[in-house]
Each structure stands twice: as C-alpha cells, then as structure tokens.
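So the structure is just underneath, and the comments pick up after that.
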Amino acid sequence: MPPVQTGARVLLVAKFNQRYHRTGCALRDALVELGCVVGTVEERTRGFDALLRRSLADRLERTLRRHRPDLVLVFKGGWLEPELIERLRPLGSARWVNWFPDGPHRLDLSVRIGRAYDRCFLFDSSMVDRHRELGRTAEYLALGCDPGFHRPLRAPGDESIPIVFIGSVEPSRDAALDAVAGLGLKVWGPDRPRGPLYGDAMVRVFSRADVALNVHQFFGDPPDVARYGTGANQRVFELAAIGTVQLSDAKADIARELEEDSEIVLYRTLPALREKAAWLLDRPAEREAIARRARARALGAHTWRHRLEQLLAVSLR
C-alpha cells in the first residue's frame, strides 16, 4: 500500500528565498520528494506581486481554485488572517494546518491565528499545551534540517576556529558569549562587528569550528521561563547535520530529539557553559565522536522530509 502522502495535493504557503528563507524552499522540495503534487503561494507581497497589486488574498484564492488541494500547509502565516481563511474555506474541501516555527515569545500570535486551522503543529511542547487548553487540535513537531545544505563544508587549508556563534544580538545571548571570553570565540550576526553570514558561507564557518555554540532566545541564568519555553530551535538540527560538535543551552525538548553527552553537550548555567566549552576544546577525539553521532542521528531522523512524513500522516488520515 503506498504511503498516505503519495499523490496528495498540497498547497504550501510560506516565504521562499534561497538566501534568507531557505526553509520554505526545503519544505517544497521535500514534499515533492514524498510524492505530493505541490502548489506554492509566497506569503509576502513583494516584487512583481507588489508592483501589480496582487495581494496575498488574491493569489491564494486563485491558487486554491487552480490547484484544488487536499491540504493547505501554512508555515507560520503571520500575515494570513483567520477571517481570510474562513472566507476561502468554501472554495474546496482542503484541510488547513499551520506549522508555527516561533517560540513562546510569539505565543499570542500563534494562538490568535491558530483558531482558523484544523490542526496546529508547534515545535515547543509548552505551546502545544497552551493550544490544547483552548480546545485546539495541536501537535508537537520539532523543526529540522536540509541535508543537501546543512553538511560538512570545510575546504583544505581552512583554519580551525575554537568556538563559533552565529546569531542576532540579544542581552541574554551576549551574557553567554561573555562566559566563554578568552577561549577563542568568534561571533557573526546582524548588528555584530563581523556582520551576518548566510548560505554556504555560514555552513563553512560552522564546519571550521571546533565547537559550535547555540544560545536560544531568552536564555538566562536563570532563563526567562515565560518566553524561553521548551522547544529546540532550528539551529540544534542544522549543527547536528553540519557535523560540528554542539554546545547548547538545555531546552527541555532537546531530550526528545538528541541524547545528551552522546549527540549534544548541554549547559544550564553560565559557569557550566564555560566549563564544558573548555572540556570540549581539550578533547578533540570526544568532540569528533559526539559530532559524528549527532550527524548520523540528524540524517536518519531530523530532516525536513522526516518532519513532513509525520505531519502528512497525521493531517491526511
């Protein structure tokens, strides 16, 4: 018997851009690989759509009539108002699902737009609980990686960097960076002196790192619990696939996806962060073994294709 998704007509609403919004492109490609008949709608109104005044509502209505989907999958959809979905539903029998990739600091948005969907998928289990308390159908679904993009990318002659962090400026993150000062840390990101990195340039720098540092938004010692939440960010899975040992703050849901000390090293306080960073820097064999196990786990269980298999199995049954 063929998988439930084979031949399913799926309309994906997301942001599509190979530089800044690669996830939408990766989801589209994974749906095709799974045998779905895929249509897409760009969530943003820009470029020719903006010039020709083709609104999201108009483009979505036109594509719904043409594509006749079994399932409409909206990745975040912050600009897609519930009233518009309610107006478009009578155009067909499609089920509408939302996959919300932001954490509890955007809980209000996820709750507001979530009422329009048949089912919501969230990567943070504390947010799943909140949706269910409101009587919504909600499921936990972790984020993932694109193995064609997130892969070891170190060229001969590339010098090693002891510790690498790539991310935006945030006070709690910067406190974590201060904790590993003097250990060879190099930092990139928007509004940082070295600037941001995108595409293969980002992957290559992470590949050069002895240790890749991950600091979730609103981490603190202690964390801001209401905004910090439980979910593993996308970087957890990207770094695992790139094949560099990862040192991350211990978000609760990480334990559902990777094994601590075997596939990822976790810290819960700033002193522990410095201690574990120094420990990893002194032990190249252990670093390589952890990174190798993490990459195998990522490729075997944590790609966007794996996530979509789960989502479609639940949504199309």
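The values are calculated or read from the model by the stated rules, or taken from the named source; none is laboratory data. Note that this is a predicted model, so its numbers are computed, not measured. Don't worry about glycine lacking a Cβ; one is built from the backbone with ideal geometry, like all the others, and counts go over all protein chains shown. SASA here: full protein model, heavy atoms, side chains in, ligands and nucleic acids out. Shrake-Rupley method; radii C 1.70, N 1.55, O 1.52, S 1.80 Å.
The figures follow:
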read-out	value
Lone unmet requirement of (1) in contact (Cβ under 8 Å) with a residue 24 or more places away in the chain; (2) closer than 21 Å to R66 by Cα; (3) of a type in the set (S, T, Y) for T45	(1)
Any chance G24 is within 28 Å of G199 (Cβ to Cβ) and among the small types (G, A, S)	yes
Single residue of the range 16-32 satisfying the filter (more than 20 Å from R66 (Cβ to Cβ) and either modelled with pLDDT under 95 or touching a Lys or Arg at 6+ places or on another chain (Cβ under 6 Å) (or both)) that is least open to solvent (accessible area, probe 1.4 Å)	A30
L11 vs. criteria touching a residue at least 12 places away in the same chain (Cβ under 8 Å), outside any strand (DSSP E or B) and crowded, with 20+ Cβ neighbours inside 10 Å	no
Pairs where the first residue, in the range 286-309, is on the phi < 0 side of the Ramachandran plot and the second is open to solvent by 70 Å² or more (accessible area, probe 1.4 Å), C-beta under 7 Å, 6+ apart	R305/E33
Pairs, first farther than 16 Å from R119 by Cβ and modelled with pLDDT of 95 or more in the range 80-99, second among the acidic types (D, E) and open to solvent by 30 Å² or more (accessible area, probe 1.4 Å), C-beta under 8 Å, six or more apart	L88/E61; L91/E61
The range 285-317: number of residues that are over 15 Å from R151 (Cα atoms), among the polar types (S, T, N, Q) and open to solvent by less than 70 Å² (accessible area, probe 1.4 Å)	1
Of the criteria (1) crowded, with 23+ Cβ neighbours inside 10 Å; (2) touching a Lys or Arg at 6+ places or on another chain (Cβ under 8 Å); (3) not in a helix (DSSP H, G or I), which one A241 fails	(3)
V4 being modelled with pLDDT of 95 or more and within 20 Å of A313 (Cβ to Cβ)	no
Unique match (being surrounded by fewer than 22 Cβ atoms within 10 Å (Cβ to Cβ), under 17 Å from the mean Cα position of the chain (by Cα) and of a type in the set (D, E, K, R)) among D253, D261, D282	D253
Filtered residues of the range 91-124 (kept if of a type in the set (D, E), surrounded by fewer than 24 Cβ atoms within 10 Å (Cβ to Cβ) and over 12 Å from V72 (Cα atoms))	D102, D108
Subset of the range 33-58 that is closer than 21 Å to R305 by Cβ, more than 20 Å from the chain's Cα centre (by Cα) and β-branched (V, I, T) - its residue that is least open to solvent (accessible area, probe 1.4 Å)	V38
Residue match in the range 126-134 (condition: open to solvent by less than 10 Å² (accessible area, probe 1.4 Å) and either out of contact with any Pro (no Cβ under 7 Å at 6 or more places or on another chain) or not aliphatic (A, V, I, L, M) (or both))	yes
The listed residue being outside any loop (DSSP other than H, G, I, E, B), among the basic types (K, R) and touching a strand residue (DSSP E or B) at 6+ places or on another chain (Cβ under 9 Å), out of R194, R227, R136, R173	R173
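For (1) closer than 17 Å to L247 by Cα; (2) out of contact with any helix residue (DSSP H, G or I) (no Cβ under 8 Å at 6 or more places or on another chain); (3) touching a residue at least 24 places away in the same chain (Cβ under 8 Å), each residue gets a yes or a no:
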site: D146; (1), (2), (3): no, no, yes
site: P190; (1), (2), (3): no, yes, no
site: R208; (1), (2), (3): yes, yes, yes
site: L213; (1), (2), (3): yes, no, yes
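A quick yes/no check of all residues on (1) of a type in the set (F, W, Y); (2) over 19 Å from the mean Cα position of the chain (by Cα):
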site	(1), (2)
S125	no, no
D129	no, yes
G135	no, yes
A138	no, no
D146	no, no
P156	no, yes
F165	yes, no
V169	no, no
